[in-house]
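Here's the structure, in structure tokens; my notes come after.
The values are calculated or read from the model by the stated rules, or taken from the named source; none is laboratory data. Predicted, not measured: the structure shown is a model, and the values here were computed from it. A quick note on method: Cβ atoms are made from the backbone with ideal geometry, for glycine too, and the neighbour counts reach across all protein chains shown.
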Amino acid sequence: NGVANVLSSNGHHTNGISTASSSASTERIQIIDDEKKFTPELSGQIDRWGLQDAGFGYNIVAVFGSQSTGKSTLLNRLFGTTFDVMDESRRQQTTKGIWMCRGKGMNVMVMDVEGTDGRERGEDQDFERKSALFSLASSEVLIVNLWEHQVGLYQGANMGLLKTVFEVNLGLFGKKADDGTNGGRTLLLFVIRDHIGTTPLANLQGTLTTDLNRIWESLSKPAELQDRKLSDYFDLAFTALPHKILAADKFEAEVQNLRKRFVDKEDPGYLFKPAYHKRIPADGVAFYMEGIWEQVQTNKDLDLPTQQELLAQFRCDEISAIALAEFNEQAKSQKRPVESGRVVEGLGAMMRNWRKDTLTRYDRDASRYHKGVYARKRADLLATIDSTLSPLFLGQLKNLHKTCLVTFKKEIQDGLRGNDYNFADVVAEARAKCESTFTEGAKEAWIDETDWVWEDELDALMEEVESVGDQCRKDETKKMINQIERNFKKAIAEPVELALSKAAPNMWDEVLKTFKELLDKAEATYLTKAKSFNCTEAENISSLVVLRQRSWQALRAKIDEQTADPVILGKLRGHFEERFRYDEQGVPRVWKPDDDIDGTFKKAKDQTLELVPLYSKIAPLDPTLEFTLPSESEDPLSNEEFDFSSSLIIFTETKAIDLTNKFRKEADAYYVEAKRSTVSSIAQ
Ligand code: GDP
Ligand code: MG
């Protein structure tokens, strides 16, 4: 049956967990049953004994010896345990197996081995050997119990069994002494029972030591352990007890002396020396022992350190998983806020705390296990923690990036409100603030000892900031050029109107002179303002090209306005009238029949028609006033095509003929009118 037999001190059988907590500390448990199965209940039992959290603060002792040599009796006396003792009256066999009980009032786990005497029944030798080996490998002190009269009798003292046990032990766990760590040694405590006293203990001790060394010599040892001595693995101690019944008082007294050597650390004969401790934390003992039993059972060629490593892997994984569960709960709390795009205040501090607490939880329980495994599992744990935290860190960076950029844009927008600002200063200030805010936030979220980086994200952010700044500068430049253009248009209007109304031969000289003056002024205005924008040389060059082009187009627009059909026809008409309808003094003519109407008409008409070519083309008399622009250029700000050389032509030839014809008709009308006026004056 797989269910552990648990007997409480009052002798009642219980299965599983006892309800009486007062008796729990003296419960015993069959750790290996007669089917050679290791109990799954040991870990729970150790907990119920109250030893789970004892760390290294406990000891393990076991007993070895022939059937019915008073082993259980001795253990019960020494440790206050409750092992079955053979009933004198019935001589009944107790249940086969290995039992364990906690020492009363002491952190000692005591193992008692029950079995038949293997010499009689061959099949049981296997169990005896295995349980002896198990006791030897797992306990700090192995009590070898024997009658005085067995001393020196090879078979009688179970020495044959001991030889086999030593041999297998050496094969299985022999290498454990190599690394020199604790747990490599075991104390063999020989307790000689029914010591009459005629042969002094010293003599018995000598005989036993000689026997043991002889056994050791005769062992078949693994090649690499050929020169190992018994004393490399075992310490030997000897004691004798008087006859329990014949010398009951003396027996009691000696048992008490021996008990003191197990209990009193100050006692010079103290038996639980630290060197014997197997360095297995109490909460790992069950798993550890099961592993040893497994090895003993299957005779696997594994040694003790490997077993310790297996144990450590199992326990460190468990401890790590528990520590991680709490951590995951904590980390989850900030997952959503970060994913929703929020910059979580103090995220770094939180993450560092979770990380630290998790490691502390792990270290507290796991550091007692095999150092290498503990460290390896700790690195695994740390990697798991960091892989959970890393997305939070990266998310925080991304969110920081976004919010910093938004703030940067807003600050520029606010800074450029009104007229009294220095563009370059506004951008530089917002830029510096953006960089420092991001850097501060990123450093807060960063965790020491990780390979995390935030500098790349900062670079990306600053690149974006740069391009936003550039775009702003371009927009501002555009705005400024438009403003200058508007002012230019206002300024050019009147002088052009004036110059074009006079129709003097140097009319274009006037226009171009004014144009050049105003353009110089506009360019100067641009250059002054551009300085505060930190515009590049290339940007300045292209801006000036635009400015010139726009100014020229403004001039051309004004000229077009002043040379539109009705306007130019009005100008021609005015010019003609001045010469035909008014005399040299500006007095309106009253035509008389003798007047040379034809001659005056022709002269006035010819003089007026001379104006058409003058208006047709922008052509100054003074060649230094000629203005040029690269022909066929494009406005880089508006992408409009522009052809300079054709812009010099005001009227094409066809247009000029058309105007001339229109004017002729008007002039002819004046002529007819003049003629009629003389006819009518004659008629009067
Ligand atoms: P175990 O089989 O080795 O565990 O032996 P037990 O403890 O069950 O004892 C077997 C029998 O030996 C019992 O009847 C005990 O009363 C008796 N006994 C116990 N201790 C001694 C002792 O020191 N001397 C003698 N002569 N008998 C003892
Ligand atoms: Mg017994």
Practice item. Could you please let me know if residue 436 is within 27 Å of residue 460 (Cα to Cα), at pLDDT 95 or above and among the hydroxyl-bearing types (Ser, Thr, Tyr)? Key: yes
Practice item. Take residue 225 and decide whether it is more than 16 Å from ligand 1 (Cβ to nearest atom), in contact with a Gly (Cβ under 7 Å, 6 or more places away or on another chain) and not hydroxyl-bearing (Ser, Thr, Tyr). Key: yes
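A quick yes/no check of all residues on (1) modelled with pLDDT of 95 or more; (2) part of a helix (DSSP H, G or I); (3) in contact with a helix residue (DSSP H, G or I) (Cβ under 8 Å, 6 or more places away or on another chain):
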residue	(1), (2), (3)
353	yes, yes, no
364	no, yes, no
379	no, yes, no
393	yes, yes, yes
398	yes, yes, yes
411	no, yes, yes
Check your understanding: If only one of 212, 219, 225, 230 is in contact with an Asp or Glu (Cβ under 6 Å, 6 or more places away or on another chain) and more than 16 Å from ligand 2 (Cβ to nearest atom), which one is it?
Key -> 219
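Inside region 564-582, can you point out the residues that are in contact with a helix residue (DSSP H, G or I) (Cβ under 9 Å, 6 or more places away or on another chain) and exposed (fewer than 12 other Cβ atoms within 10 Å of the Cβ)? Explain how you work it out, then say what you get.
Initially, region 564-582 is screened for residues in contact with a helix residue (DSSP H, G or I) (Cβ under 9 Å, 6 or more places away or on another chain), giving 565, 567-569, 571-581.
Once the filter is applied, which keeps residues that are in contact with a helix residue (DSSP H, G or I) (Cβ under 9 Å, 6 or more places away or on another chain) and exposed (fewer than 12 other Cβ atoms within 10 Å of the Cβ), region 564-582 yields only 565.
For region 28-72, how many residues are within 13 Å of ligand 1 (Cβ to nearest atom) and at pLDDT 95 or above?
Going residue by residue through region 28-72, those that are within 13 Å of ligand 1 (Cβ to nearest atom) are 62-72.
Then drop every residue that is not at pLDDT 95 or above, which leaves 62.
Total satisfying the criteria: 1.
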Exercise for review: Could you please give the count of residues in region 212-242 that are touching a residue at least 40 places away in the same chain (Cβ under 8 Å), more than 19 Å from residue 168 (Cβ to Cβ) and surrounded by fewer than 18 Cβ atoms within 10 Å (Cβ to Cβ)?
Suggested key: 4
Exercise for review: Report, by residue number, each residue of region 415-460 that is closer than 26 Å to residue 473 by Cβ, touching a residue at least 24 places away in the same chain (Cβ under 8 Å), of a type in the set (S, T, N, Q) and surrounded by fewer than 16 Cβ atoms within 10 Å (Cβ to Cβ).
Suggested key: 422
Practice item. Answer yes or no: is there a residue in region 259-271 that is farther than 29 Å from residue 367 by Cβ and within 16 Å of ligand 1 (Cβ to nearest atom). Key: yes
Check your understanding: Is region 273-280 home to any residue that is farther than 20 Å from residue 144 by Cβ and of a type in the set (D, E, K, R)?
Key -> yes
Practice item. Taking the residues in region 475-499 that are touching a residue at least 24 places away in the same chain (Cβ under 8 Å) and closer than 19 Å to residue 533 by Cα as candidates, determine which candidate is surrounded by the fewest Cβ atoms within 10 Å (Cβ to Cβ). Key: 478
Review point. Going by the structure shown, is residue 50 in contact with a Leu (Cβ under 7 Å, 6 or more places away or on another chain), of a type in the set (Gly, Ala, Ser) and on the phi > 0 side of the Ramachandran plot?
Key: no
Revision key, fill the gap. (1) within 30 Å of residue 106 (Cβ to Cβ); (2) hydrophobic (A, V, I, L, M, F, W, C); (3) not in a loop (DSSP other than H, G, I, E, B) all hold for residue 216 apart from (1)
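Conditions (1) crowded, with 19+ Cβ neighbours inside 10 Å; (2) at pLDDT below 80; (3) touching a strand residue (DSSP E or B) at 6+ places or on another chain (Cβ under 9 Å), marked per residue:
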site	(1), (2), (3)
121	no, yes, no
124	no, yes, no
133	yes, no, no
141	yes, no, yes
145	yes, no, yes
150	yes, no, yes
Review point. So is residue 215 more than 30 Å from residue 52 (Cβ to Cβ) and touching a helix residue (DSSP H, G or I) at 6+ places or on another chain (Cβ under 6 Å) or not?
Key: yes
Exercise for review: Could you tell me which residue of region 42-68 is nearest to ligand 2 (Cβ to nearest atom), considering only residues that are crowded, with 21+ Cβ neighbours inside 10 Å and in a loop (DSSP other than H, G, I, E, B)?
Suggested key: 49
